[in-house]
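The block underneath contains the structure these notes are about, expressed in structure tokens.
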Amino acid sequence: MRALYPGSFDPLTLGHLDLIERASRLFDGVVVAVLRNPGKTPAFSLDQRLEQIRAATRHLSGVEVGSFDGLTVSFAQERRTQVILRGLRALSDFEYELQIAHTNKSLAPEVETLFLATAVHHSFLSSSVVREVARFGGDVSHLVPDGVAQDLARLFNRAE
Ligand code: ADP
């Protein structure tokens with residue numbers, strides 16, 4: 001069985017990577033799918049986010065990286081993934097995620113949404129927290145893969 005792991009990944013964090021590593025042990029294939037959201041201006045370009053994920057998952061077999069816009073279920077069908085995978089950090093994620101899962105089920109009944117509980121030590125971690133810490137010069141090396149830490153340093157040095 002193959003799984004689609006969709007998200008903004010702006011940027012990829014060690015919480016995301018933990019989920020991808022665990023999913024790669026559970027599924028025959030995992031497609032990490034970066035959302036091209038025209039309504040949002042991301043901190044990192046699509047190409048940068050794809051490269052961050054490729055670099056951090058090079059050691060994992062069966063992990064593919066792609067990008068999509070439009071409906072997640074359409075991309076799941078296109079990439080032949082039977083499962084949409086999402087991470088649950090806390091109760092606060094639950095209501096939103098359940099709403100999306102029900103909507104996706106109504107659009108494509110054959111695609112199942114599965115939730116993996118986030119690693120406890122990453123449960124406070126989000127891309128926006130990482131961006132905030134990095135923006136103010138804090139150390140993010142324990143929160144993101146090496147390549148992402150370098151990208152963040154470059155991004156915020158240039159902005160200063
Ligand atoms: P989105 O904008 O779709 O929420 P994110 O990039 O923030 O995209 O998250 C993508 C997926 O990764 C979501 O399922 C989210 O719950 C999960 N996720 C976010 N942060 C973590 C974390 N620290 N550990 C594990 N999973 C996470």
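The values are calculated or read from the model by the stated rules, or taken from the named source; none is laboratory data. In this text the structure is predicted, and so the values were computed from the model without any measurement. Cβ placement follows ideal geometry from the backbone for every residue including glycine, while neighbour counts extend to all protein chains displayed. To get the accessible areas, we keep the full protein, side chains included, count just its heavy atoms, and leave off ligands, DNA and RNA. Shrake-Rupley method; radii C 1.70, N 1.55, O 1.52, S 1.80 Å.
Loop only per DSSP, at most 10 neighbouring Cβ atoms within 10 Å: give me the chymotrypsin sites (Phe, Trp or Tyr not before Pro) in region 1-107, ordered by residue number. All intermediate terms of the calculation are to be shown ahead of the outcome.
Values: sites: Phe9, Phe27, Phe44, Phe68, Phe75, Phe94, Tyr96; in loops: Phe9, Phe27, Phe44.
The qualifying sites: there are none.
Using only the heavy atoms of the protein chains and a 1.4 Å probe, how would Lys105, Lys40 rank by accessible area, largest first? Display every interim value, and only then the final one.
On the way: Lys105 75, Lys40 130 Å².
Of Lys105, Lys40, the descending order of accessible area is Lys40, Lys105.
Which shape class applies to region 2-121: rounded if a/c is under 1.5, otherwise prolate when a/b exceeds b/c and oblate if not, where a ≥ b ≥ c are the square roots of the Cα gyration tensor eigenvalues? Write out the running numbers ahead of the final one.
Working: a/c = 1.22, a/b = 1.16, b/c = 1.05.
Taking the square roots of the gyration eigenvalues as a ≥ b ≥ c, region 2-121 is rounded.
If I ignore ligands, DNA and RNA and count only protein heavy atoms, how much of Val120 is accessible to a 1.4 Å probe, in Å² to the nearest 10?
120
With all protein chains present, how much of the accessible area of the chain (probe radius 1.4 Å) comes from carbon and sulfur, to the nearest whole percent?
The value for the chain is 54 percent carbon and sulfur by accessible area.
Per DSSP helix of 4 or more residues, -39500 (n - 2.57); summed, then divided by the residues of the chain. What does that give at 222 nm, rounded to the nearest 500? Show your work: numbers first, answer last.
On the way: 6 runs with 71 residues, N = 160.
After summing the helix terms and dividing by residue count, I get -13500 deg cm²/dmol.
Accessible area per residue, 1.4 Å probe, Å², for the chain: what's the number?
Values: 8730 Å² over 160 residues.
It amounts to 55 Å² per residue over the chain.
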